[in-house]
Amino acid sequence: MLVDSHCHLNYKGLAEQQDEVLARARERGVTAMLNIATRESEWDEVLAAAEANDDVWASVGIHPHDADQHPDVDTAKLIQRAAHPRVIGIGETGLDYYYDKSDRTRQQDSFRRHIHAAQATGLPVIVHMRDAEADTLALLGEEMARASFPGVIHCFTASDAFARKALDIGLYISISGIVTFKNATDLQATAKWLPRERLLVETDAPFLAPVPHRGKTGEPAFVADTLAFLADLRDEDPDALAAATSANFYSLFNKAAA
Ligand SMILES: [Zn+2]
Ligand SMILES: [Zn+2]
């Protein structure tokens, strides 16, 4: 059992060869993939892959980069689309102050709308965060105090302190292929101590292909390489870690387990 908790099967590089991509993932033992939405225009496509394949699930959401373009995607719209039986998460959403592609206030508003949908549906919120640790924690904490909700920090690259606070409020942490990069020493240090029961793995494909595939188009099959690296780093048995991260996926995204 091995789960890719975050990929974009509809993105260029994967969409043109989706059947082959899925076949290669299955060959390497990937038993489930979560296909993540980033814009309203791709919701149908993302969901279509999940409807056509038992091992593909879908999310519904707007990436922080695209918050400016979606002023009309409100909580009600997210809740409505999340009712589909193949939609198991809300996102990706969050704050990205590194690229600042959308106005920060709009990113925060959009993030809140997604969290409100998570609170209403019980589905986990998939959080993208870059260079926005303080605001992300403040917003998550405030909303968590209003009504608790499940969630994951995807493609984790933040500080140890951020990881501790995210864990404290009950969130999971997902590690991408970045952990295999030679210069990712801080992330490797964090990935060593993260509690196994809160750990997920992902590719964020087509981005971030791990060693030994760097420079290639990322695909869900490569989550096996990231898992193997992580097991070695943490001095754990790879099969046991694969089983644990898969079990964590189903505890968090429990609509997929039902
Ligand atoms: Zn992201
Ligand atoms: Zn993503």
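For the pair Asn183 and Ala138, what calculated FRET efficiency results from E = 1/(1 + (r/R0)^6), where r is the Cβ-Cβ distance and R0 = 30 Å, to the nearest 0.05?
The formula returns an efficiency of 0.50 here.
Shape verdict for the range 178-251, please, from the Cα gyration tensor: rounded (a/c under 1.5), prolate (a/b greater than b/c) or oblate. Oblate. Here Arg146 and Ala243 are evaluated by their C-beta separation; at R0 = 41 Å the FRET efficiency comes out at 0.70. Annotation: amide H-H contacts under 5 Å for Leu200 (H modelled 1.01 Å from N, sequence separation of 5 or more, or interchain): Ile173, Ser174, Ile175. Note that the chain, at 4 °C in a medium of 1.567 mPa s, gets a Stokes-Einstein diffusion coefficient of 73 µm²/s from its Kirkwood radius over C-alpha pairs. One quarter of the convex hull surface built on the alpha carbon atoms of the range 1-75 amounts to 5.4 nm², the projected area averaged over directions. Computed over every Cα-Cα pair of the range 101-240 and binned at 10 Å starting from 0, the pair-distance distribution P(r) comes out as 12, 39, 34, 15, 1 percent.
Listed peptides 186-193, 24-31 appear in the order 24-31, 186-193 once ranked by packing, highest mean of other Cβ atoms within 10 Å at the front.
Karplus-based coupling profile of the range 195-200, in residue order and whole Hz: x, 4, 6, 10, 9, 10, with θ = phi - 60° in 6.51 cos²θ - 1.76 cosθ + 1.60 and x standing for Gly or Pro.
Calculated mean residue ellipticity, 222 nm, the chain: -12500 deg cm²/dmol, from DSSP H runs (n ≥ 4) at -39500 (n - 2.57) each, averaged per residue and rounded to 500.
Using only the Cα atoms of the range 78-168, construct the convex hull and provide its projected area averaged over every direction, in square nanometres to one decimal. Its Cα hull, projected and averaged over all orientations, spans 5.8 nm². Using θ = phi - 60° in the Karplus curve 6.51 cos²θ - 1.76 cosθ + 1.60, the 3J(HN,Hα) couplings for the range 141-148 round to x, 4, 5, 5, 5, 5, 6, 5 Hz; x is entered for Gly and Pro.
Cα centroids of the range 152-193 and the range 31-76: 24 Å apart. For the range 151-165, the Karplus equation 6.51 cos²θ - 1.76 cosθ + 1.60, evaluated at θ = phi - 60°, returns couplings of x, 9, 8, 8, 6, 4, 9, 7, 7, 4, 4, 5, 4, 4, 5 Hz by residue, with Gly and Pro reported as x. Working from Cα pairs under 8 Å separated by at least six residues, relative contact order for the chain is 20 percent.
In the range 155-207, the ratio of gyration radius to Kirkwood radius, Rg to Rh, stands at 0.95 when only Cα atoms are counted.
Under 5 Å from the amide H of Ala205 lie the amide H atoms of His8, each residue being 5 or more positions distant or on a separate chain, with H modelled from the backbone and absent for Pro and chain starts. Report note on the peptides 14-23, 212-221: ranked by the mean count of other C-beta atoms within 10 Å, highest first, their order is 212-221, 14-23. A simple charge model with +1 on the Cβ of Lys and Arg, -1 on the Cβ of Asp and Glu and nothing else charged puts the dipole of the range 1-122 at about 340 debye relative to its Cα centre.
Using a 1.4 Å probe, what is the accessible area per residue for the chain, in Å²?
41
The values are calculated or read from the model by the stated rules, or taken from the named source; none is laboratory data. For clarity, every value in this text was computed on a predicted model and none was experimentally measured. Positions of Cβ are backbone-derived with ideal geometry, glycine not excepted, and every protein chain shown enters the neighbour counts. Keep in mind that these areas ignore ligands, DNA and RNA; they rest on the heavy atoms of the full protein, side chains included. Shrake-Rupley method; radii C 1.70, N 1.55, O 1.52, S 1.80 Å.
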